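Peer 1: Structure in structure tokens, see below.
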Amino acid sequence: MSTSNTWASYWTRVIPAWSVCGIAILLVCSFLVQPYGKGEPGRRHGAATVWQFVLGFYTVALHILSILFPARVCYALGHVIKEIKENAALANDRRYVSNIQTVETEKGTAPAPLFVILLPAYKEDMGTLEETLRVLASHAQARHCYHIYLAMEEKEEKSAMKAQTLIDTFRRCFYRMSFTIHPLGIPGEAQGKSSNESWAAKQACMDYSEELAKQNVIITTMDGQSHPTQSNEAL
């Protein structure tokens, strides 16, 4: 052990004892030697002595430290917990990546299986959609196997801008993100959630039209308020 560490360990042990001794000396000097301050005996309004000033400041300093110390401990614990979670997530992600299989298609390499998730978002609140995407992004396979389709409706104003904002925010959390705009006035079609999902599913099928890609694509749909677990069965 180095000399500096030895001295640091020594002072860490003796400072509390010296502090108690110092407080005892200040109490004696403040309330026994000169209990009335600089005034005459029997007069309570004399000016405070140096010892009394030092005792007051030291007491205030100890109270401040008594607040700062647990606050520092709480901050340190929070930091440690955050680091543990990040390291655990990174280790889990590495284990998952090592088990990922890929297939070669005409458009390049694709993961197998690939989860295509259709997310109808007609007039859904942005906060609700962001929360749902954060839950999906927390899955270990999200960055490697999730292709998110935001199924928007043409009759919703600024739906494309809304979808693009979400994609810009979460694009790094998933394998891919896309959005579709379900048009109005398709002959023989009733407007609704199912027709919107059908339109998005058709787009997904066109994106993965190759036979080899189809064999490894799992298409599922979910509501904007859904919070599925990480297991594939939940999807």
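The values are calculated or read from the model by the stated rules, or taken from the named source; none is laboratory data. Owing to the predicted nature of the structure, the values given are computational and were not obtained by experimental measurement. Neighbour counts are summed over all protein chains in view; Cβ atoms, including those assigned to glycine, are modelled from backbone coordinates with ideal geometry.
Peer 1: For region 185-208, enumerate the residues that are more than 19 Å from Leu150 (Cα to Cα) and either of a type outside the set (D, E, K, R) or touching a strand residue (DSSP E or B) at 6+ places or on another chain (Cβ under 9 Å) (or both). So that I can check it myself, show each step before the final result.
Peer 2: Step one: of region 185-208, the residues more than 19 Å from Leu150 (Cα to Cα) are 185-190.
Matches in region 185-208: Gly185, Ile186, Pro187, Gly188, Ala190.
Peer 1: Another question, then. So Pro111 passes all but one of these: (1) modelled with pLDDT under 75; (2) out of contact with any Phe, Trp or Tyr (no Cβ under 8 Å at 6 or more places or on another chain); (3) closer than 30 Å to Ser159 by Cβ. Which condition number does it fail?
Peer 2: Going through the list (1) modelled with pLDDT under 75; (2) out of contact with any Phe, Trp or Tyr (no Cβ under 8 Å at 6 or more places or on another chain); (3) closer than 30 Å to Ser159 by Cβ, Pro111 breaks only (2).
Peer 1: So which helices (runs of 4 or more DSSP H) stay within region 123-235 end to end and still have 2 or more residues that are more than 19 Å from the chain's Cα centre (by Cα), in contact (Cβ under 8 Å) with a residue 60 or more places away in the chain and in the same structural domain as Asn87 (by TED's automatic domain parsing)? Spell out the reasoning first.
Peer 2: Working: elements: 126-137, 142-145, 159-170, 193-207, 211-214.
No helices (runs of 4 or more DSSP H) qualify here.
Peer 1: Still on this structure, I have one more. Evaluate the following for Trp18: is it at pLDDT 70 or above and in contact with a helix residue (DSSP H, G or I) (Cβ under 7 Å, 6 or more places away or on another chain)?
Peer 2: Numbers: at pLDDT 70 or above: yes; in contact with a helix residue (DSSP H, G or I) (Cβ under 7 Å, 6 or more places away or on another chain): no.
No, not satisfied.
Peer 1: Now a separate question. May I ask you to list the residues in region 80-108 that are of a type in the set (Val, Ile, Thr) and modelled with pLDDT under 80? Lay out the reasoning, then the answer.
Peer 2: In the first step, residues of region 80-108 are kept if they are of a type in the set (Val, Ile, Thr); the result is 80-81, 84, 97, 100, 102-103, 105.
Within region 80-108, Val97, Ile100, Thr102, Val103, Thr105 meet the criteria.
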